[in-house]
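Remarks on the structure that follows.
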Amino acid sequence: MEIFNEIKPLRAYLNTLRRQQLTIGLVPTMGALHHGHLELIRASRKENDVTVCSIYVNPTQFNNKNDLEKYPRTLDADIAQLSTVGCDAIFAPTNLEMYKKASELRFDFGSLDKILEGEFRPGHFSGVALVVSKLFNIVQPNRAYFGQKDFQQYKVIAKLADELLFDIELSSVPIVREPTGLAMSSRNQRLSEPDKLKALVFYHSLLMAKELLLKGESTAAVKVKVKEKCEALPNVKLEYIELADTENLIPSQNVSSKTILLIAGYVGEVRLIDNLLME
Ligand code: PAF
């Protein structure tokens, strides 16, 4: 497995592969890898000759300084995990390599980046779009893989790729859950074992909400019940639960196979998200 910290040698390596007509899959990550990430690598390996995993905690997508500082960084363990699943190359750049100077570029995705995560994390998707554009430009992959847990992020990246004419096939890979049902997330590393049990309330709330909506309860009534359920637990705070259209994420009052439930909240100071398709 090749490891690159700089853009220039990575580009030279990838150009050699492209000259041999080999296809390239990119798995962008912020490290602290878990089984969900390894599924992305496996998906890429099935469809491409070469898989590149980027590991970079992108400062411009954090609207909370404390969250950025506390984001888990486990590069050695990440490298060890990636070598077990046949990843071909890692790109782990420094901040200076990715941002020679503070960027003044800002992205605006219309309503898509103002709702849900966008409402609670202003500027977050602009930072994601900036770094993903850079990664797409550096790696120029044939395909790129993202986790479905970040459902809204995937929609933003799809819009970015579509409007900027990136010739890259995007894939959204289903959420991988712990045996308990907890959605795998790098942020889970910051949870104590008792807090991991508490964090399950978000997945359980999604299941409860789905059942109630299918029985005909209104979205308003379901939201109240979910809030009560989450906040009955000490140190748990619900930020939102929303039923939304899977295409544009506009909130929906009516259940259909084209809607998704999305939830976000805190256990202590750790912010978690999850979602469940209504299909
Ligand atoms: O989903 C993530 O881990 C990040 O948002 C991404 C796509 C790697 C951009 O920093």
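The values are calculated or read from the model by the stated rules, or taken from the named source; none is laboratory data. Note that the coordinates shown come from a computational prediction; the quantities given were computed from them, not determined experimentally. A quick note on method: Cβ atoms are made from the backbone with ideal geometry, for glycine too, and the neighbour counts reach across all protein chains shown.
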Exercise. Collect the residues in the stretch 135-186 that are outside any helix (DSSP H, G or I), within 25 Å of Leu200 (Cα to Cα) and small (Gly, Ala, Ser), keeping them in residue-number order.
Key: Gly147, Ser172, Gly181, Ala183, Ser185
Quiz item: Going by the structure shown, is Gln148 polar (S, T, N, Q), under 18 Å from Ala43 (Cα atoms) and within 13 Å of the ligand (Cβ to nearest atom)?
Solution: yes
Quiz item: Do you know which of the residues in the stretch 1-34 that are within 16 Å of the ligand (Cβ to nearest atom) and part of a loop (DSSP other than H, G, I, E, B) is surrounded by the most Cβ atoms within 10 Å (Cβ to Cβ)?
Solution: Leu33
Quiz item: So which pairs qualify, if the first residue must be in the stretch 171-196 and under 19 Å from Phe151 (Cα atoms), the second must be surrounded by fewer than 13 Cβ atoms within 10 Å (Cβ to Cβ) and modelled with pLDDT under 95, the Cβ gap must be under 9 Å, and the two must be at least 6 apart or on different chains?
Solution: none
Quiz item: For the stretch 151-164, how many residues meet the condition of being of a type in the set (A, V, I, L, M, F, W, C) and more than 14 Å from the ligand (Cβ to nearest atom)?
Solution: 1
Practice problem: Tally the residues that are away from the ligand (no atom under 13 Å from the Cβ) and closer than 21 Å to Ile24 by Cα, restricting the search to the stretch 108-137. | Solution: 1
Quiz item: Out of all the residues in the stretch 48-98, which are part of a helix (DSSP H, G or I), farther than 30 Å from Gly118 by Cβ and not β-branched (Val, Ile, Thr)?
Solution: Asp76, Ala77, Ala80, Gln81, Leu82, Ser83
Practice problem: Might you check whether a residue that is within 13 Å of the ligand (Cβ to nearest atom), closer than 19 Å to Gln148 by Cβ and buried (at least 18 other Cβ atoms within 10 Å of the Cβ) occurs anywhere in the stretch 58-79? | Solution: yes
